[in-house]
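Trainee: Got a structure for you, written out below as structure tokens; questions coming shortly.
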Amino acid sequence: MSTVSPDAYAELAPMRRDEPLSRWTTLRLGGAAEFFFEPRTPDDLWKLLTRLDEDGVPYRMLGGGANVLAPDGGVPGAVIHTGSMRRIFRDGETGLRAWAGATNQQLVRAAAEHGLSGVEELIGVPGHVGGSLAMNAGSPSWGLWDQVTEVTLWQPGGEVVAKTPDEVQPSYRNGNLRGAIALEVLLHFEASAPAAVRAKQEAYLKRKNESQPVTLASAGCAFRNPDGDSAGRLIDAAGLKGAREGGVVVSEKHANFLVHEGGGTAADARALLARIEAEVQRQFDVALHRELVVWPEP
Ligand SMILES: Cc1cc2nc3c(=O)[nH]c(=O)nc-3n(C[C@H](O)[C@H](O)[C@H](O)COP(=O)(O)OP(=O)(O)OC[C@H]3O[C@@H](n4cnc5c(N)ncnc54)[C@H](O)[C@@H]3O)c2cc1C
């Protein structure tokens, strides 16, 4: 980035230098992004990506930062935050079109308002629609991709393409975007009544609030569930609830959540992840796979 003037991108997105990522991640960890861009529209986003790509500037996407562990040493180059791209539009009787920066909770509210059933299980899941497509966020039996009709993607090299779920082949907690960036998405729903949709949403929210440490600084589940089992059950059975590295601790409420209690570092979180992996492997011969996206130290 040092050879490229950030002014070159000014018409495409507002930009701040040395922006602390601890402000933008739900774990409240991470050093500064060298350049922090906030494009306002999908068009501006893909143009910015194309320019950065052509100029050889490294970039990372950040939505709600609800599943990212940002490095203590910060991120050289660009972090592109989708927080200013928040629009949702009605599309026909049973469709909603969302920009990548629309929040999951905006989507949940819009669905209820229009009596559209489909994304109830996204209630209480922090993050943006683009990040949630990348993660295929949802419950053990449902993910956001189940509602996708078509996603508009920017692909490295500069092409913008529309793809169906059959073409992308997402799977459990994995949007399978392979370096492509979600710009916007068309989602399909079942027609219902607003009150019925709200009632289902509230039931899911109640269950979520009872089982997860939702008021503490965390990044959701640290590990994907292994086939036929639950990562939380294994971590609990390994005796790791309450295990601590510095300021980061395994939640007493849900063993698959790491909670930052303050004063911690990304190094603490990485040490705890490694300790959990080693203990679960040693005690149960199960290799856990990380759901949490760990950005490397520079
Ligand atoms: C309290 C709490 C509860 C949670 N509960 C759940 C739950 O029930 N179910 C669940 O699935 N998750 C849960 N999570 C995790 C998190 O909410 C989801 O993974 C969410 O989808 C992350 O979205 P995000 O916008 O925050 O993504 P980020 O964390 O910002 O990014 C995640 C990944 O997506 C990439 N990315 C971001 N935007 C784009 C884009 N536009 N195009 C391509 N890639 C992109 C990032 O580079 C990164 O690799 C929870 C988290 C918390 C803190």
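The values are calculated or read from the model by the stated rules, or taken from the named source; none is laboratory data. Everything numeric in this text was worked out from a predicted model, so none of it was measured. We place every Cβ from the backbone using ideal geometry, glycine too, and count neighbours over all the protein chains shown.
Trainee: Check L177 against each of (1) under 23 Å from G264 (Cβ atoms); (2) in contact with a strand residue (DSSP E or B) (Cβ under 9 Å, 6 or more places away or on another chain); (3) in a loop (DSSP other than H, G, I, E, B) and name the one condition it does not meet.
Mentor: The failed condition is (1).
Trainee: In addition: Need the failing condition index for G30 against (1) farther than 24 Å from L216 by Cβ; (2) modelled with pLDDT of 95 or more; (3) touching an Asp or Glu at 6+ places or on another chain (Cβ under 8 Å), just the number.
Mentor: Failed condition: (1).
Trainee: Quick test for you: out of R97, R173, pick the one residue that is outside the structural domain of L52 (by TED's automatic domain parsing), on the phi > 0 side of the Ramachandran plot and within 15 Å of the ligand (Cβ to nearest atom).
Mentor: Exactly one residue qualifies, and that residue is R173.
Trainee: Quick one: in region 118-134, of everything that is of a type outside the set (S, T, Y) and in a helix (DSSP H, G or I), which residue is farthest from the ligand (Cβ to nearest atom)?
Mentor: Residue satisfying both the conditions and the ranking: E120.
Trainee: Counting only residues that are in a loop (DSSP other than H, G, I, E, B) and of a type outside the set (K, R), which one in region 145-174 is surrounded by the most Cβ atoms within 10 Å (Cβ to Cβ)?
Mentor: Residues of region 145-174 in a loop (DSSP other than H, G, I, E, B): 156-158, 164, 169-170, 172-173.
Applying the additional criterion that residues be of a type outside the set (K, R) yields 156-158, 164, 169-170, 172.
Numbers: P156: 12, G157: 9, G158: 13, T164: 11, Q169: 12, P170: 20, Y172: 15.
Among residues in region 145-174 that are in a loop (DSSP other than H, G, I, E, B) and of a type outside the set (K, R), the one surrounded by the most Cβ atoms within 10 Å (Cβ to Cβ) is P170.
Trainee: How many of the residues making up region 49-83 are out of contact with any strand residue (DSSP E or B) (no Cβ under 6 Å at 6 or more places or on another chain) and closer than 16 Å to I181 by Cα?
Mentor: Residues meeting the conditions: 6.
Trainee: Then there is this: Only one of these is closer than 24 Å to P298 by Cβ, buried (at least 18 other Cβ atoms within 10 Å of the Cβ) and either touching a Leu at 6+ places or on another chain (Cβ under 6 Å) or not acidic (D, E) (or both): L49, L116. Name it.
Mentor: Just one listed residue meets the conditions, L49.
Trainee: Tally the residues that are hydroxyl-bearing (S, T, Y) and away from the ligand (no atom under 16 Å from the Cβ), restricting the search to region 240-298.
Mentor: The number of residues fulfilling the criteria is 1.
Trainee: Which one of the conditions (1) away from the ligand (no atom under 13 Å from the Cβ); (2) assigned by TED's automatic domain parsing to the domain that holds G92; (3) free of Cβ contacts under 8 Å to residues at least 40 places away in the same chain does F189 fail to meet, given that it meets all the rest?
Mentor: With respect to (1) away from the ligand (no atom under 13 Å from the Cβ); (2) assigned by TED's automatic domain parsing to the domain that holds G92; (3) free of Cβ contacts under 8 Å to residues at least 40 places away in the same chain, F189 is out only on (3).
Trainee: If you don't mind, there's one more thing I want to ask. What pairs come up if the first residue lies in region 251-264 and is at positive phi, the second is surrounded by 15 or more Cβ atoms within 10 Å (Cβ to Cβ), and their beta carbons are under 7 Å apart, counting only those six or more places apart or on different chains?
Mentor: What qualifies is G262/G247; G263/G247.
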